[in-house]
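Read the structure below first, then the notes.
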Amino acid sequence: MSRSCIVLYEEKAQMETALTDVYVNVRRHGKQIVLATCDCEICGKTFRDGKIVFEVREEFYKGMKVTIEEAIELCKQSTIVNMVGKCIVKQAVKAGLVHPEAVLRIDGILHAQIVRI
């Protein structure tokens, strides 16, 4: 691979990483670790699908901005996870944390939850 191809590849990887940043908001309730995470670009938006209204509220989801990899690690450590957005949900499925059939689609937006007992 030529040097110019390597530089372009690295730039593309950096751009893709920037697009996969997510918000994470971690709370503790007794022994439970509750994680709310969403793709950054949908935080604060509302989605409608028939009678369903899904609000991606900043008060609930917006915390630290982290990479998708960091968010997946937090998902692995949490007892309850509420996630919304194409990037975070697809990565959770890819990591084996969420079964593909457990993913909901609301107005085209992916949503999943994890509960460890």
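Computed quantities for the displayed model
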quantity	calculated
Hits in the stretch 40-62 (condition: more than 15 Å from Q113 (Cβ to Cβ) and under 12 Å from the mean Cα position of the chain (by Cα))	C40, E41, I42, C43, K62
Total residues in the stretch 58-70, condition surrounded by fewer than 15 Cβ atoms within 10 Å (Cβ to Cβ) and either in contact with a Cys (Cβ under 8 Å, 6 or more places away or on another chain) or not in a helix (DSSP H, G or I) (or both)	4
Positions within the stretch 71-117 being part of a helix (DSSP H, G or I), within 10 Å of the chain's Cα centre (by Cα) and not hydrophobic (A, V, I, L, M, F, W, C), in sequence order	K86, K90, Q91
Subset of the stretch 22-39 that is more than 12 Å from the chain's Cα centre (by Cα) and hydrophobic (A, V, I, L, M, F, W, C) - its residue that is farthest from I117 (Cα to Cα)	V26
The stretch 82-104, subset more than 17 Å from T20 (Cβ to Cβ) and touching a residue at least 12 places away in the same chain (Cβ under 8 Å), residue surrounded by the most Cβ atoms within 10 Å (Cβ to Cβ)	N82
Any hit, the stretch 41-57, residues being at pLDDT 95 or above, out of contact with any helix residue (DSSP H, G or I) (no Cβ under 9 Å at 6 or more places or on another chain) and part of a helix (DSSP H, G or I)	no
Total residues in the stretch 46-71, condition out of contact with any strand residue (DSSP E or B) (no Cβ under 8 Å at 6 or more places or on another chain) and of a type in the set (K, R)	2
Residues of the stretch 73-117 satisfying the condition of being within 21 Å of C43 (Cα to Cα) and small (G, A, S)	S78, G85, A92, G108, A112
The lone exception for G30 - which of (1) surrounded by fewer than 16 Cβ atoms within 10 Å (Cβ to Cβ); (2) at pLDDT 95 or above it fails	(2)
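The values are calculated or read from the model by the stated rules, or taken from the named source; none is laboratory data. Computed from a prediction, not measured in an experiment: that's the story for all the values here. Please note: Cβ atoms are built from the backbone with ideal geometry, for glycine as well, and neighbour counts cover all protein chains shown.
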